[in-house]
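Taken together, the values in this text are just the output of simple stated rules run on the coordinates, not laboratory data. Because the structure is a prediction, the values reported are computed rather than measured. Glycine also receives a Cβ, built like all others from the backbone with ideal geometry; neighbour counts cover every protein chain displayed.
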Amino acid sequence: MTTSARQLVLNLFIHPTGHHEASWRHPSSAPDRIHSARYYQDLGRRAEAAKFDAVFFADVPHLGPNVEHGAAGWLEPITTLASIAAATERIGLIATASTTFYEPYNLARLFASLDHLSGGRAGWNIVTTASAGAAGNFGLTQFPEVEERYARATEFVETVTRLWDSWEDDAILLDVESGRYADPAKIHAADFAGEHVRVAGALNAPRSPQGYPVLVQAGASNEGRAFAARWSEAIFTAHQRLQDAQAFAADIRRQAVTFGRDPQGIKILPGISPFLGSTEAEARALETEFNELTVPAYGLRQLSVLTGVELGEDLLDKPVPPELFAAAGDVTDNNRSRLQVVAGIVEREQPTVRGLLHRLAGARGHRVVAGTPEQVADTITEWFTQGAADGFNVMPPALPTGIEVFADHVVPILQARGLFRTEYTGTTLRDHLGLPRPVNRYAAERAGADAASTPASGSADTPAATPVDALVRA
């Protein structure tokens with residue numbers, strides 16, 4: 001596929017005050033507004049004016065240990081996106097929701113409702129939640145191991161897609177004269193009983209505008225990659241180097257082929273956190289300004305969560321202890337992917353502990369770029385044209401100013417290069433991403449049965465659509 005035929009994907013990854021851990025202390029942020037619907041609506045409108053594909057919210061369903069030094073009290077993502085939907089018309093709306101802590105039926109209803117109410121703009125970032133701190137909030141006495149979480153996730157997504165397919169597209173009749181609202185023969189029970197989840201009935205809402213909300217995933221472990229290759233239509237990832245991102249993309253696409261999927265039908269979207277200045281020196285000075293606002297105790301706590309090792313402030317100006325990343329393992333194992341990203345930074349740059357904390361303060365292991373708009377656009381262009389990315393989750397160090405500067409100064413460069421749209425050409429998130437609307441499995445089965453009874457059709461051996469077929473067929 002040529003560069004002229006491809007278009008960058010750009011999402012605004014909304015972290016309440018911005019992605020730098022000290023953003024709430026910087027005058028370019030608005031920590032007093034982060035619990036206001038108007039604030040998120042303003043961000044959504046600004047991203048939409050720049051023709052972004054979507055806004056995206058992450059979520060961890062528990063109160064973290066660093067509330068003393070970090071802006072906390074996150075709002076629930078799906079509800080927040082519903083408020084943005086009311087204030088926008090085209091921009092996609094992607095929310096994180098956990099297969100470990102939700103039940104399939106209520107999650108399917110939530111996303112179907114968001115897709116209906118937004119006119120087809122919903123996306124689900126599927127996570128299993130790696131944070132053990134959330135387990136007790138949902139009545140779990142023991143946090144499931146990674147293999148069990150992904151086994152549940154597989155059953156969960158299978159069940160949710162069945163629920164979204166409950167109603168065939170033409171199930172609603174609206175026959176006022178006969179008094180028939182819907183055709184019961186075209187409404188189907190999920191009827192799923194697995195080891196981890198069970199759902200009996202049909203969804204109590206018709207099929208939504210996109211068929212399914214766009215399926216997104218963010219895991220980079222071995223289990224996460226296999227899961228993404230089977231289900232995901234877009235993948236959020238974190239990489240520091242071009243070659244690592246290229247290898248990740250190639251691995252995902254190779255695995256996708258084994259599931260019978262079009263490998264080019266999956267969007268690979270790393271995170272990028274840009275510090276922008278009129279000169280590179282000005283941009284680096286801005287990054288330093290943010291780093292000087294960090295509280296070491298906050299960063300050390302975050303590092304201990306990542307590594308399992310607690311360091312004291314007396315080590316801040318000493319080299320990072322090699323044993324800190326002994327658990328990262330061989331990078332080819334991919335079992336502790338974020339830890340391996342940070343271990344790579346330490347190996348290449350050999351920073352002090354304070355230096356490492358500053359590197360992680362910007363975007364928690366995602367790529368931080370400090371430079372002019374042209375330099376940031378060059379980085380995006382290189383990764384896009386060299387097979388490392390189909391686009392990026394833009395992670396401004398501070399909000400709302402970060403999205404304003406990026407939209408005003410970087411987006412026009414990408415548009416001038418022919419890499420990014422100047423106008424929306426569709427109305428749904430699937431339209432923006434160039435993704436097909438999934439075929440309803442029951443309609444496909446009906447069509448297959450009809451074809452089988454008509455020998456002249458030449459389709460008697462066509463199998464019924466599977467859930468994976470439904471994701472990749474036009």
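So, by mean Cβ neighbours within 10 angstrom, what's the order for 207-217, 303-313, 403-413 with the highest one leading?
207-217, 403-413, 303-313
Note down, for region 118-177, the three equivalent ellipsoid semi-axes (square root of 5 times each alpha carbon gyration tensor eigenvalue), biggest first, whole angstrom.
Equivalent ellipsoid of region 118-177: 35, 13, 12 Å, largest first.
Quick check on the exposure proxy: order I172, I126, I91 from fewest to most C-beta atoms within 10 angstrom.
Starting with the residue having the fewest Cβ neighbours, the order is I172, I126, I91.
Over the chain, what is the percentage of antiparallel beta bridges among all DSSP beta bridges, to the nearest 5?
20
Work out how much length K318 to E404 would gain on full extension: take 0.36 nm times their residue separation and subtract the Cα-Cα distance, in nm to one decimal.
Taking K318 through E404 to full extension adds about 27.2 nm, to one decimal.
How would V197, V353, V295 line up from fewest to most surrounding beta-carbon atoms within 10 angstrom?
Fewest to most other Cβ atoms nearby, the residues stand as V295, V197, V353.
Report the extension gain between D378 and D251 in nm, rounded to one decimal, defined as 0.36 nm multiplied by the number of residues separating them, less their alpha carbon distance.
43.2 nm
In straight Cα distance, which aspartates and glutamates are under 17 Å from K267, not counting same-chain residues fewer than 8 positions off?
Result set, ordered by chain and number: D53, E233, D244, D251, E382, D390, D431.
As a test of the formula, what do you get for the chain when each DSSP H run with n ≥ 4 contributes -39,500 (n - 2.57) and the sum is divided by the residue count, at 222 nm and rounded to the nearest 500 deg cm²/dmol?
Mean residue ellipticity at 222 nm (helix-derived): -11500 deg cm²/dmol.
When ranked by the protection proxy of mean other Cβ atoms within 10 Å per residue, highest first, what sequence do the peptides 174-184, 339-349, 220-230, 138-148 form?
220-230, 339-349, 138-148, 174-184
Can you list the aspartates and glutamates whose alpha carbon is less than 16 Å from that of K186, not counting same-chain residues fewer than 8 positions off?
Filter leaves D165, E168, D169, D170, D175, E445, D450.
For the chain, take every pair of Cα atoms, bin their distances at 20 Å starting from 0, and report each bin as a whole percent.
Values per bin, smallest distances first: 23, 57, 18, 2, 0.
Round to the nearest 0.05 the FRET efficiency obtained for R348 and V146 when R0 = 30 Å and r is the Cβ-Cβ distance.
0.65
Could you please rank H26, H20, placing first whichever residue has the fewest other Cβ atoms within 10 Å of its Cβ?
Result, fewest neighbours first: H26, H20.
Could you calculate the contour length gain from D450 to T258, that is, 0.36 nm times the residue separation minus the distance between their Cα atoms, to one decimal place in nm?
Computed gain between D450 and T258 is 66.2 nm.
If the only charges are +1 at each Lys and Arg Cβ and -1 at each Asp and Glu Cβ, what is the size of the charge dipole of the chain around the Cα centre, to the nearest 20 debye?
With Lys and Arg at +1 and Asp and Glu at -1, about 400 debye.
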